[in-house]
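The values are calculated or read from the model by the stated rules, or taken from the named source; none is laboratory data. Predicted, not measured: the structure shown is a model, and the values here were computed from it. A quick note on method: Cβ atoms are made from the backbone with ideal geometry, for glycine too, and the neighbour counts reach across all protein chains shown.
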Amino acid sequence: MMSEPLVSVVMVVCNVDRFLAESIESVLGQTFKDFEFIIIDFGSTDKSKAIALNYAARDARIKLHEIPNFGLGEARNAGCFLAQGHYIAVMDADDVSTPDRLMSEFEFMEKHPEVGLLGGYTEWIDETGRPLRIERFPTEDHEIRSALATGCPFCQPTVLMRREAFVLVGGYRAAFVFAEDYDLWLRIAEHFPCANLRQVVLKYRSHPYQVQIRKSRQQSLCILAALTSASLRKAGKPDPFNSLKEITPAVLASMGVSEAKQQIFADLAWIRALYLSGDYSNALKSSIEALRSADWECAESWQIAETRLMVARLNWKKKRYASSILTAGHAFVSRPIMLGRPFKPLLRWFGWLKAANGGN
């Protein structure tokens, strides 16, 4: 009888045949070997299932399962609740894990038994694998908790989590489509310290078919719902999102989230989607329009500051240096607390600061 693996790698697959083989091989080629590889196909109509079957026939660590196309959250749950490992490593079917990813994450978690959730830096690549940039995340628990209040400080396919942490909070919630990871991280962070490694552990592929580009509006509603849900739990109130199957503007409005606040989050999601897709001109235009909108009179200081920093960075890319520096200054005025960590975030934002182990 085979012993339980130390790590369960969980990958969900739906119509990603263009990138799937490279992604699977990056897992099979890990320097860390004691893992099972659970692949969930949830409705592929291209060659994805055939590719996965081919690899499963060649490597006994792969366990391929097929389920109906219920949704991304349900697919991730199907894989994670099948996991036998002490740790669950999340992997996406269009990304590439670095060879030492699992080894580095496993060793960290073994040395820090209190940590329930671990991620790492990413190198963004395009459709062809060409490097684009390094994405760094806060690494210390207090930094991550602060960041969770305004956004997601993890890249999901870098995450290694303790199986007990995943089970304790009940896994992903299906209603939080396109933000199911953020909602899960918020709930795990209520019970366990979190961390990110100061090293690149994943090549994150940016391409036109990604969720955040196609579904930014719905994603913004789910992000806002996750924050509302966390706020209710913190106040000791019941979490109504446990029983919901869908998050809509009407649902959020019934919980006291105004239309103006919903629009602000939608604007932020759209701006970020444009930026991540490389459409810098429209990202700049949308950022400026958002700041001038009447709805933004209700915006929180961090939202105004982050959007002004986006404008500053986009102006810098267009070599409008004076406008960039002036707008960055306005961002600090919008949120003076940023001066408490004085120039590190701003320098990193403009790409002038390199983390010691974060790559080029």
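Below, the figures for the structure above:
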read-out	value
Residues (charged (D, E, K, R) and in contact with a strand residue (DSSP E or B) (Cβ under 8 Å, 6 or more places away or on another chain)) located in the stretch 71-99	ARG76, ASP92, ASP94, ASP95
Given (1) touching a residue at least 40 places away in the same chain (Cβ under 8 Å); (2) surrounded by 14 or more Cβ atoms within 10 Å (Cβ to Cβ), index of the condition VAL251 fails	(1)
Selected residue [farther than 17 Å from PRO153 by Cα, outside any helix (DSSP H, G or I) and in contact (Cβ under 8 Å) with a residue 60 or more places away in the chain] from PRO99, PRO113	PRO99
Residue ID - modelled with the lowest pLDDT, chosen from residues in the stretch 273-300 that are out of contact with any helix residue (DSSP H, G or I) (no Cβ under 7 Å at 6 or more places or on another chain) and not in a loop (DSSP other than H, G, I, E, B)	ALA294
Residues of the stretch 129-186 that turn out to be assigned to a helix (DSSP H, G or I), over 18 Å from GLY79 (Cβ atoms) and among the basic types (Lys, Arg), as a count	1
Test: TYR204 is under 22 Å from CYS14 (Cα atoms), in contact with a Cys (Cβ under 9 Å, 6 or more places away or on another chain), part of a helix (DSSP H, G or I) and touching a residue at least 12 places away in the same chain (Cβ under 8 Å)	no
Per-region count, the stretch 1-45, residues in contact with a Pro (Cβ under 8 Å, 6 or more places away or on another chain) and among the charged types (D, E, K, R)	2
Those residues of the stretch 19-40 which are of a type outside the set (A, V, I, L, M, F, W, C), out of contact with any strand residue (DSSP E or B) (no Cβ under 9 Å at 6 or more places or on another chain) and in contact (Cβ under 8 Å) with a residue 24 or more places away in the chain, in sequence order	THR31
Criterion (surrounded by fewer than 20 Cβ atoms within 10 Å (Cβ to Cβ) and either out of contact with any Asp or Glu (no Cβ under 8 Å at 6 or more places or on another chain) or among the hydrophobic types (A, V, I, L, M, F, W, C) (or both)) met by exactly one of LEU202, LEU197, LEU232, LEU224	LEU232
Residue match in the stretch 97-119 (condition: among the charged types (D, E, K, R) and surrounded by 21 or more Cβ atoms within 10 Å (Cβ to Cβ))	yes
Qualifying residues in the stretch 152-168 (those that are crowded, with 21+ Cβ neighbours inside 10 Å and either assigned by TED's automatic domain parsing to the domain that holds LEU276 or of a type in the set (A, V, I, L, M, F, W, C) (or both)) - the one farthest from PHE137 (Cα to Cα)	PHE166
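So that you can scan it fast, the table gives a plain yes or no per residue for (1) among the small types (Gly, Ala, Ser); (2) at pLDDT 85 or above; (3) in the same structural domain as ARG272 (by TED's automatic domain parsing):
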{"site": "GLU180", "(1), (2), (3)": "no, yes, no"}
{"site": "LEU184", "(1), (2), (3)": "no, yes, no"}
{"site": "HIS191", "(1), (2), (3)": "no, yes, no"}
{"site": "CYS194", "(1), (2), (3)": "no, yes, no"}
{"site": "LEU197", "(1), (2), (3)": "no, yes, no"}
{"site": "CYS222", "(1), (2), (3)": "no, yes, yes"}
{"site": "ALA230", "(1), (2), (3)": "yes, yes, yes"}
{"site": "GLY236", "(1), (2), (3)": "yes, yes, yes"}
